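The block underneath contains the structure these notes are about, expressed in structure tokens.
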């Protein structure tokens, strides 16, 4: 297949391009105009065409889609204020979908997130599946959750209004080389000081290479069309177990102030109620003092990948221990073999 992959230069995008190339696909890799392509291990691969487009504008997107069989949409803004994220996620998605309609490319694998679920109204201990309630009060959540919820709405409208062949992938926390510490372990106070919240909640992890394999499988399999699929690995660790494994590999932890999850949640509710009742919601509280955000990050749940396994015929290849061994090794994880040229008889 010929695939257009947005966000190709990002953390996940680099691995998705690598996996797609390993499976023999031809790639149009959409990167930001300012991206340094030389840091991308596959930038000069003969089956990769680099496309420099800013998806926040419409220029060039339709042309980039000509002759493409399907789109894997990874691009999103994960940093900045709401307006920055809205432009980089929602407007970018709207522009892409409009161009897909114009170019008559209607196969889409859209990468969403576990952040869209309604964790406050879901009981502790529940197994999170694709049928779990989606957030019903997004304005109480962080900018990332808000914009990804809006993105999913756009994609579903595209699917319904244009009979598009859509798969929505919701990965859990994607980890891998250079991305091992996360907000599921605590709240950042300063550059190297974190409030470590809780210890025994299960972390919905997916190793970067496992996740990339699932995404490429989704674009290949007709069974995935019309599906929403959660991607998490097997054998998920608690926060405490995960940190112990990082320490075993001599990972440099930030300085930590530990606090019990129940106590932190009670403190957050006090701050939240005071802000609502006394300050009329005018205070901009850090995420760790918003009980709705706290539940999304630290509440105890179980997680299922059963649907993804069945639909994609996928199993996470790397366990947590093996994934960490690969992460801390010197192995080149993004290496793609060059295609072997076909030998034609002389005079043919």
Return yes when residue 103 is more than 19 Å from residue 13 (Cβ to Cβ), in contact with a helix residue (DSSP H, G or I) (Cβ under 8 Å, 6 or more places away or on another chain) and either surrounded by fewer than 21 Cβ atoms within 10 Å (Cβ to Cβ) or modelled with pLDDT of 95 or more (or both) and no when it is not. yes
Name the single residue that is surrounded by the most Cβ atoms within 10 Å (Cβ to Cβ) among those in segment 281-329 being without any contact (Cβ under 8 Å) to a residue 24 or more places away in the chain and within 28 Å of residue 140 (Cβ to Cβ). 289
Considering segment 16-30 alone, what residues qualify as being surrounded by 23 or more Cβ atoms within 10 Å (Cβ to Cβ) and part of a strand (DSSP E or B)? 27, 29, 30
Reported set for segment 1-10 where residues are surrounded by fewer than 22 Cβ atoms within 10 Å (Cβ to Cβ), at pLDDT 95 or above and under 13 Å from the mean Cα position of the chain (by Cα) is none
Can you tell me which residues in segment 146-162 are over 11 Å from residue 89 (Cα atoms) and at pLDDT below 95? none
How many of the residues in segment 61-97 are buried (at least 16 other Cβ atoms within 10 Å of the Cβ) and either free of Cβ contacts under 8 Å to residues at least 24 places away in the same chain or closer than 21 Å to residue 16 by Cα (or both)? 18
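Any chance segment 36-47 includes a residue that's in contact with a strand residue (DSSP E or B) (Cβ under 6 Å, 6 or more places away or on another chain) and exposed (fewer than 15 other Cβ atoms within 10 Å of the Cβ)?
Within segment 36-47, not a single residue is in contact with a strand residue (DSSP E or B) (Cβ under 6 Å, 6 or more places away or on another chain) and exposed (fewer than 15 other Cβ atoms within 10 Å of the Cβ).
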Taking segment 150-172 and keeping residues surrounded by fewer than 20 Cβ atoms within 10 Å (Cβ to Cβ) and either in a strand (DSSP E or B) or touching a helix residue (DSSP H, G or I) at 6+ places or on another chain (Cβ under 8 Å) (or both) leaves 150, 152, 154, 162, 165
Which of the numbered conditions does residue 240 fail, given that it passes all the others? Conditions: (1) touching a strand residue (DSSP E or B) at 6+ places or on another chain (Cβ under 8 Å); (2) assigned to a helix (DSSP H, G or I). (1)
Tally of residues being part of a loop (DSSP other than H, G, I, E, B), under 20 Å from residue 319 (Cα atoms) and in contact (Cβ under 8 Å) with a residue 60 or more places away in the chain across segment 175-202: 7
Quick one: which residue in 202, 228, 206, 238 is modelled with pLDDT of 95 or more and buried (at least 24 other Cβ atoms within 10 Å of the Cβ)? 206
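Residue 253 - would you say it is under 30 Å from residue 221 (Cα atoms) and touching a residue at least 40 places away in the same chain (Cβ under 8 Å)?
It is false that residue 253 is under 30 Å from residue 221 (Cα atoms) and touching a residue at least 40 places away in the same chain (Cβ under 8 Å).
Going through 268, 323 one at a time, which residue ends up being at pLDDT 95 or above and in a helix (DSSP H, G or I)?
323
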For residue 196, state whether it is surrounded by 13 or more Cβ atoms within 10 Å (Cβ to Cβ) and over 30 Å from residue 311 (Cβ atoms). yes
Looking only at segment 42-76, count every residue that is over 18 Å from residue 10 (Cβ atoms) and in a loop (DSSP other than H, G, I, E, B) and tell me the total. 11
Matching entry among 88, 13 (being in a helix (DSSP H, G or I), within 27 Å of residue 206 (Cβ to Cβ) and touching a strand residue (DSSP E or B) at 6+ places or on another chain (Cβ under 7 Å)): 13
Which numbered condition residue 52 fails, given (1) closer than 25 Å to residue 85 by Cβ; (2) crowded, with 21+ Cβ neighbours inside 10 Å: (2)
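The values are calculated or read from the model by the stated rules, or taken from the named source; none is laboratory data. Owing to the predicted nature of the structure, the values given are computational and were not obtained by experimental measurement. Heads up, the Cβs are rebuilt from the backbone with ideal geometry, glycines too, and the neighbour counts pull from every protein chain shown.
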